[in-house]
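Below is one structure, written out as structure tokens, with a few remarks after it.
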Amino acid sequence: MRNHIFPLAAVLALSMACSAHAAGKPRPAKDTQTQPTKIWTNDDMDLLSRFSLISVVRQEKAQTATPPAAPAKTIFPVYASRLDDPTWYAAQAAALQAELDQREADLQEQQTAIAQAANRITTPGVSLTEKDAGVTPAAGLAILQALVQETQTKLDDLADVARQHSILPGALRG
């Protein structure tokens with residue numbers, strides 16, 4: 001009797017799994033539909049859009065009446081590329097100049113800290129809330145100098161591109 005319990009339990013579990021799987025399948029539609037199929041045409045689109053059942057995106061028909069005169073607008077020059085726009089160069093140069101000023105200030109602060117450390121004037125401990133330039137003061141100084149040089153190179157490259165596009169040097173100074 002004991003040998004027949006395991007196969008019986010397996011057959012029972014398999015039948016329950018198959019019936020649960022079959023219950024989740026969609027059933028085919030019945031052929032007793034009495035409603036005819038509607039074919040929508042372009043003429044029906046106006047009817048549907050009136051009842052907000054559909055959104056139609058199309059160009060409006062040209063009106064013969066003249067539109068009211070628009071108020072006078074300031075005309076801004078249109079450039080084929082942003083590389084021809086002096087205001088774009090001014091914005092880029094201002095951002096790079098601000099970054100260069102910040103990096104030079106950080107470099108100056110590091111040089112001051114190293115000079116004070118040579119005279120045994122230091123701050124006690126290590127500040128974990130402020131950024132540190134490097135592992136050693138000399139390495140930090142080298143990193144800050146490289147960052148200043150990188151930003152200056154970007155500013156010089158921007159000036160070269162501006163010169164190639166016939167932008168006056170004054171546009172870079174803002």
Note: among Q59, Q92, Q63, just one is loosely packed, with under 12 Cβ neighbours inside 10 Å, of a type outside the set (G, A, S), out of contact with any strand residue (DSSP E or B) (no Cβ under 9 Å at 6 or more places or on another chain) and modelled with pLDDT of 65 or more, namely Q59
Note on the stretch 100-121: residues not aliphatic (A, V, I, L, M) and not in a loop (DSSP other than H, G, I, E, B) are D101, Q102, R103, E104, D106, Q108, E109, Q110, Q111, T112, Q116
Within the stretch 88-105, the residues that are without any contact (Cβ under 8 Å) to a residue 12 or more places away in the chain and under 14 Å from R163 (Cα atoms) are W88
Within the stretch 144-169, of all residues that are within 11 Å of A93 (Cβ to Cβ) and of a type in the set (G, A, S), the one surrounded by the fewest Cβ atoms within 10 Å (Cβ to Cβ) is A159
| message | For the structure I just gave you, tell me whether P68 is on the phi < 0 side of the Ramachandran plot, loosely packed, with under 10 Cβ neighbours inside 10 Å and either outside any loop (DSSP other than H, G, I, E, B) or modelled with pLDDT of 70 or more (or both). | response | no
P137 meets each of (1) modelled with pLDDT of 85 or more; (2) more than 26 Å from the chain's Cα centre (by Cα); (3) surrounded by 13 or more Cβ atoms within 10 Å (Cβ to Cβ) with one exception, condition (1)
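The values are calculated or read from the model by the stated rules, or taken from the named source; none is laboratory data. This one's a predicted model, so the numbers in the text were calculated from it and none came from an experiment. Here the Cβ is made from the backbone with ideal geometry for all residues, glycine too, and neighbour counts use every protein chain on show.
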